[in-house]
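Structure record follows, encoded as structure tokens.
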Amino acid sequence: MKEKLTIVKVGGAVVEDPAQLGALLDGFCRIGGRKALVHGGGRRATQVASRLGIESRMVGGRRITDEAMLEVVTMVYGGLVNKGIVAALASRGVSAIGLTGADMDVMRSHRRPVRDGIDFGFVGDVDRADAKRLSALIEGGAVPVLAPLTHDGKGQLLNTNADTIASEAAKALAQAYDVTLVYSFEKPGVMADADDPTSVIPSITRADFERLTADGTVAGGMIPKIENALAAVEAGVSRVVITQASAIGTDAGTVVH
């Protein structure tokens, strides 16, 4: 029987709010067994870019990354946010290690080609995640904290969606572990009414997803999140949950299957 591994992805307003992030990390620490954390930080990157006079452009919930923005996200994701989370976990007695995809070559990608006339710039689509190297860290007692940056193997860093990082890591590690993937953010789950926190949709299949995107219930950044969740399930991840940061480790939220 495979050992259990929980991968938690944290993003959205949670990363920006010390109280919410602290509660999330407290919950993460209470999760038993092996675990890993993946973080976003897009809002922080947008704030820093604005202070530097750099425009942030988004298409379909995804960031367009030119050279200037790549510098910003590298500093924010790989430095400010990643090391802040590592330090916070260390203060809670967790032996965390912060990584980008370039560290130990744990995740490699290629630059996204132009699609439908949209050039996303220095954005990476993942080619592979190295389960063996990630497992070596985990089995050695470390808790990987993955930032949403990858590389192409030729020296180029690439901005990569954090939900994708989490999905790809979960898919690779599912070969060796019984993996639960948790997407945590400021909302209680996928909601039928974005203004009603009691309207959480308890479960979503691919057929449900297609219907919900067609009628507009699911839109914006939730689309790639659910796409990544479905890809993880279809690749052998045991369980994927989209839930509120404060609810990790409970049965609350939306189960994707």
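The values are calculated or read from the model by the stated rules, or taken from the named source; none is laboratory data. If you're wondering where the values come from, they're calculated on a predicted model, not measured in any experiment. Neighbour counts run over all protein chains shown; Cβ positions are idealised from the backbone, glycine included. For the accessible areas, the whole protein counts, side chains as well, though only heavy atoms, and no ligand, DNA or RNA atoms are used. Shrake-Rupley method; radii C 1.70, N 1.55, O 1.52, S 1.80 Å.
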Would you mind finding the one in ALA252, ALA231 that is open to solvent by less than 40 Å² (accessible area, probe 1.4 Å), in contact (Cβ under 8 Å) with a residue 60 or more places away in the chain and either among the aliphatic types (A, V, I, L, M) or farther than 19 Å from LYS4 by Cβ (or both)?
-> ALA231
Considering the range 163-179 alone, what residues qualify as being under 16 Å from LYS225 (Cα atoms) and either open to solvent by 10 Å² or more (accessible area, probe 1.4 Å) or charged (D, E, K, R) (or both)?
-> ASP163, THR164, GLU168, LYS171
All conditions in (1) at pLDDT 95 or above; (2) part of a strand (DSSP E or B) are true of MET58 except (1)
Out of the residues in the range 101-160 that are among the hydroxyl-bearing types (Ser, Thr, Tyr) and not in a strand (DSSP E or B), which is least open to solvent (accessible area, probe 1.4 Å)?
-> THR160
Residues being open to solvent by 20 Å² or more (accessible area, probe 1.4 Å) and in contact (Cβ under 8 Å) with a residue 24 or more places away in the chain: count how many of those fall in the range 79-99.
-> 9
Any idea which of (1) touching a residue at least 40 places away in the same chain (Cβ under 8 Å); (2) over 24 Å from ARG133 (Cβ atoms) is the one ILE7 doesn't satisfy?
-> (2)
Among THR243, THR213, THR217, THR180, which is the only one that is in a loop (DSSP other than H, G, I, E, B) and of a type in the set (Val, Ile, Thr)?
-> THR217
ARG44 is checked against (1) buried (at least 20 other Cβ atoms within 10 Å of the Cβ); (2) touching an Asp or Glu at 6+ places or on another chain (Cβ under 9 Å) and fails just one. What number does that condition carry?
-> (1)
Where residues in the range 9-41 are out of contact with any His (no Cβ under 9 Å at 6 or more places or on another chain) and in a strand (DSSP E or B), which of them is most open to solvent (accessible area, probe 1.4 Å)?
-> ARG34
Residues being crowded, with 21+ Cβ neighbours inside 10 Å and out of contact with any Phe, Trp or Tyr (no Cβ under 9 Å at 6 or more places or on another chain) - total across the range 56-72 = 1
